[in-house]
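Trainee: Can you keep this structure in mind? I'll have questions shortly.
The values are calculated or read from the model by the stated rules, or taken from the named source; none is laboratory data. This one's a predicted model, so the numbers in the text were calculated from it and none came from an experiment. Every residue, glycine as well, gets a Cβ built from its backbone with ideal geometry; the counts of neighbours run over all protein chains shown. Keep in mind that these areas ignore ligands, DNA and RNA; they rest on the heavy atoms of the full protein, side chains included. Shrake-Rupley method; radii C 1.70, N 1.55, O 1.52, S 1.80 Å.
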Amino acid sequence: MRHIQIHGGGDEDFVLNRVINEIKTLNIHRTPENCLTILKVAEIEWEESPINRTEVIRRVLYLLFNTDAIPGYKERPDLKDCEYVLGQFCENILRNNRRSFKREYFIDKLKEYCTERVLTLDVEVVFDVLFANNILVIRSEGYEFKAVYWIYYFAAHRMYHDTEFCKHILDKQNYLRYPEIVEFYTGIDRSRTDALLIILNDLRDTCDTVNKKCGLPLGMNPYRFAQWNPSEEAIKKMHDEVSTGLLGSNFPDIVKDEYSDNGYNPVRPFDHEIGVILNDFSVDRLKQALKAGSRALRNSDYAKPDVKRELLKEVMRSWEQVSMVVVAISTLLARQGQASFDGHGFELRGDFGEDYKERLTRIWSVIPMNIVNWFKNDLSSKKLGALFKDSIDVETNELRKHCLIRMLIVERPLKWKVMVEDYIAETGKTRSIYGIV
């Protein structure tokens, strides 16, 4: 076995964490083969693991196309040429929604693309390298890319080179069907302000749509009354804030009745009502837009700062909107402990108490933590610390600021502890740490 040298690490735990982080970033299985590939990539360039999956995949491909396994009599493919022609091939896959193909079709198409662009590329070697490294695998109807993110990665490069295809993906929110393509597109040069502006407007419109369909009053926020050890008065104020907001909303009567104690029927099933809320109120679409927007933001180091600030502001506003939806249906969860429908599930885990009011209060207290946990992986990046700080300094909404502080604690960027301490000192201990510990 070839000896692998790791430069700059030295510590076994450091090396192990590097491999684990890379595999998590790529979202691939922890097989010996994948671990070995990551370690080989580390030979090329050892540094702290990037959250930019575009860069990680580029390094993996660079290794594969520069391996000694390619015979000396064969022309070694240029990686950028490969990304270009594979981008055209994957555009074709997405447009036709057909993932399976024959080897001959793959070879002929890539040769056609090379002829069009006057490129010299041994496309048979390209196929052999992809197949030998399990990027292409045999399925019942032919060959396929083993993981769909390979299709999105190469298609993102096609977006970078082809204005028409880029417009096709970004227009009319087509990217919401596959948010990863936006992630890879923005990660190519980390300066895709054009994409951020489109996503920013789409996210704002989607959040507005959810808000309009829900019909909750603008500025409804029970968390402005929240405390670490809430008094009866504070709990009543939170309850009144939600109850008043719901009365004039578009939520089903079963949700309103829970707050007003009017006409509550304990036999009536909850699943359908929750399904109506999440589907008809476009919450699912908002979640997809959030995923695309968050991943694009964390990849856009060199995009225009004002656009990044506005996009983060809309991400936080969308987090708040989802929070208010969960607050509204929290009475249903407090009543039966769980509810599910067609792939969506809500379940209380842990001790929430036996008394209904106690359960409801505890559910409210952990909603901010859960919102951050649901969405943090798409926004996760230590490099966003400065952007978080800018937003925390100007944010006036208690819930949004609280979520930003929680992200600081999760990511721990430079000077995170000072920012958290300043936040606690500014708001007062009894107010600031609800849900943090």
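Trainee: On full extension of the chain, what length is gained from GLU426 through VAL410, given 0.36 nm per residue of separation minus the C-alpha to C-alpha distance?
Mentor: Values: separation 16, 0.36 × 16 = 5.76 nm, distance 2.05 nm.
Taking 0.36 nm per residue and subtracting the Cα distance, the gain is 3.7 nm.
Trainee: With a 1.4 Å probe and every protein chain kept in, tell me what percent of the accessible surface of segment 295-389 is carbon plus sulfur.
Mentor: Values: 1910 of 4090 Å².
Reported share for carbon and sulfur atoms: 47 percent.
Trainee: Sequence gap at least 6, Cα distance under 8 Å: using those rules, report the relative contact order of segment 142-251 to the nearest whole percent. Could the numbers behind the result be given before it?
Mentor: Numbers: 71 pairs, mean separation 21.4, N = 110.
Here the relative contact order equals 19 percent.
Trainee: What's the extension gain from THR396 to SER231 if we count 0.36 nm per residue and subtract their Cα-Cα distance? Spell out each step's value before the answer.
Mentor: Values: separation 165, 0.36 × 165 = 59.40 nm, distance 2.38 nm.
Going from the current span to full extension adds 57.0 nm.
Trainee: Arranged from highest to lowest average of other beta-carbon atoms within 10 Å per residue, in what order do the peptides 140-150, 82-92 appear? Can you show the working numbers first?
Mentor: Details: 140-150: 16.1, 82-92: 22.1.
Per-residue mean Cβ counts within 10 Å order the peptides as 82-92, 140-150.
Trainee: Across every pair of different alpha-carbon atoms, what Kirkwood hydrodynamic radius in Å does segment 65-147 reach? Present the calculation step by step, with values, prior to reporting the outcome.
Mentor: On the way: mean 1/r = 0.0757 Å⁻¹.
With all distinct Cα pairs of segment 65-147 included, I get 13.2 Å.
Trainee: With a 1.4 Å probe and all protein chains left in place, how much accessible area per residue does segment 100-150 have, in Å²? If you can, show how the numbers build up before the last one.
Mentor: Working: 2770 Å² over 51 residues.
Per residue, segment 100-150 has an accessible area of 54 Å².
Trainee: Let me ask you something else. Lys/Arg Cβ at +1, Asp/Glu Cβ at -1, dipole of segment 78-226 taken about the Cα centre: which of GLY215, LEU94, THR193 is farthest positive-ward?
Mentor: GLY215
Trainee: Given points 7 Å out from each Cα along the Cα-Cβ axis, report the ARG177 to ARG317 separation in nanometres with one decimal.
Mentor: 2.8 nm
Trainee: Whole-Hz Karplus ³J(HN,Hα) for segment 185-195, in order, using 6.51 cos²θ - 1.76 cosθ + 1.60 and θ = phi - 60°, x for Gly and Pro?
Mentor: My calculation for segment 185-195 gives 5, 5, x, 5, 10, 6, 9, 8, 4, 4, 5 Hz in order.
Trainee: Any chance you could run the full-extension gain for ARG98 through LYS167? It's 0.36 nm times the residue separation minus the Cα-Cα distance, nm to one decimal.
Mentor: 22.7 nm
Trainee: What is the distance, in nm, between label points placed 7 Å from the Cα along the Cα-to-Cβ direction at PHE131 and at ASP189?
Mentor: Here the answer is 3.6 nm between the modelled labels.
Trainee: Around THR186, with a cut-off of 15 angstrom between Cβ atoms, what is the net charge of the other residues, counting Lys and Arg +1 and Asp and Glu -1?
Mentor: Details: positive: ARG53, ARG58, ARG158, ARG190, ARG192, LYS291, ARG295, ARG298, LYS304, LYS308, LYS383; negative: GLU55, GLU180, GLU183, ASP189, ASP194, ASP202, ASP301, ASP378.
Here the count lands on +3.
Trainee: Starting from the Kirkwood Rh over alpha-carbon pairs, what translational D in µm² s⁻¹ does segment 174-266 have by Stokes-Einstein at 10 °C and 1.306 mPa s? If you can, show how the numbers build up before the last one.
Mentor: Numbers: Rh = 16.7 Å.
Reported coefficient: 95 µm²/s.
Trainee: I need the peptides 322-329, 416-423, 385-392 ranked by packing, meaning the mean over residues of other C-beta atoms within 10 angstrom, with the highest value on top. Please report the intermediate quantities before stating the final value.
Mentor: On the way: 322-329: 22.0, 416-423: 15.4, 385-392: 18.1.
Top of the packing list down: 322-329, 385-392, 416-423.
Trainee: So who's got an amide H within less than 5 Å of the one on LEU136, skipping anything under 5 residues away but keeping other chains? H placed 1.01 Å off N, in plane.
Mentor: PHE131, LYS146
Trainee: Which of the peptides 123-131, 228-236, 360-368 is most tightly packed, and how do the rest follow, going by the mean number of other Cβ atoms within 10 Å of each residue?
Mentor: Taking the mean over residues of other Cβ atoms within 10 Å, the ranking is 360-368, 123-131, 228-236.
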